[in-house]
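Okay, structure first, notes after.
Just so it is clear, none of the values below were taken in a lab; they were calculated from the coordinates. The structure displayed is predicted, hence computed values, not measured ones. A quick note on method: Cβ atoms are made from the backbone with ideal geometry, for glycine too, and the neighbour counts reach across all protein chains shown.
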Amino acid sequence: MITNITQTKYITDYPSGRKRVHCRFYVEQKGRKFRVCKQTSRVEGDDPVWCNPKLSTYADLAGVGEIDGKTVAILVHLDMGLISVLDHTLKTQILTLWEKYSPLEFQHIVEACSG
């Protein structure tokens with residue numbers, strides 16, 4: 001289901017309107033909470049110029065993964081036993097995993113986001 005869970009992901013050929021740009025996803029920490037950030041670039045010369053990041057909400061743990069080859073943001077809420085999976089825009093929730101219904105997958109994702 002969810003594969004390649006990491007803390008960062010860099011894409012060099014990301015579609016943005018009519019152009020192809022650089023895009024990076026990364027996990028940001030503030031205190032004891034985490035969130036996923038997404039930044040695209042404007043290409044000026046050889047180096048990308050990074051735009052302002054798009055931010056998810058805070059969670060107990062966070063990560064970046066893939067479902068069917070598409071990049072997703074993973075937000076783990078340990079107190080609720082809930083994992084929210086957001087699409088690449090960080091706006092639309094595409095999947096919800098409850099610990100009580102799929103404990104093995106829940107534990108696998110928590111371990112991957114922790115490391």
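If each residue's Cβ is checked for other Cβ atoms within 10 Å, how do Val49, Val21 rank with the fewest at the top?
Val49, Val21
Please report the spacing between the Cα centers of the range 1-26 and the range 36-87 in Å, no decimals.
Using only Cα atoms to place each centre, the spacing works out to 9 Å.
Compute the acute angle (0 to 90°) between the alpha-carbon long axis of helix 103-114 and the principal axis of greatest extent of the alpha-carbon atoms of the chain; round to the nearest 10°.
Orientation of helix 103-114: about 50 degrees from the principal axis.
Using Cβ counts within 10 Å as a stand-in for footprinting exposure, how do Lys100, Lys33, Lys38 rank, fewest first?
Lys100, Lys33, Lys38
Of all the C-alpha pairs in the chain, what % are more than 23 Å from each other?
Here the tail beyond 23 Å accounts for 29 percent of pairs.
Among the lysines, which have Cα under 28 Å from the Cα of Lys9 when same-chain residues fewer than 8 positions away are ignored?
List returned: Lys19, Lys30, Lys33, Lys38, Lys54, Lys70, Lys91.
Grab the DSSP H runs of the chain that are 4 residues or longer, score each as -39,500 (n - 2.57), total them, divide by all residues and round the 222 nm result to the nearest 500 deg cm²/dmol.
-3000 deg cm²/dmol
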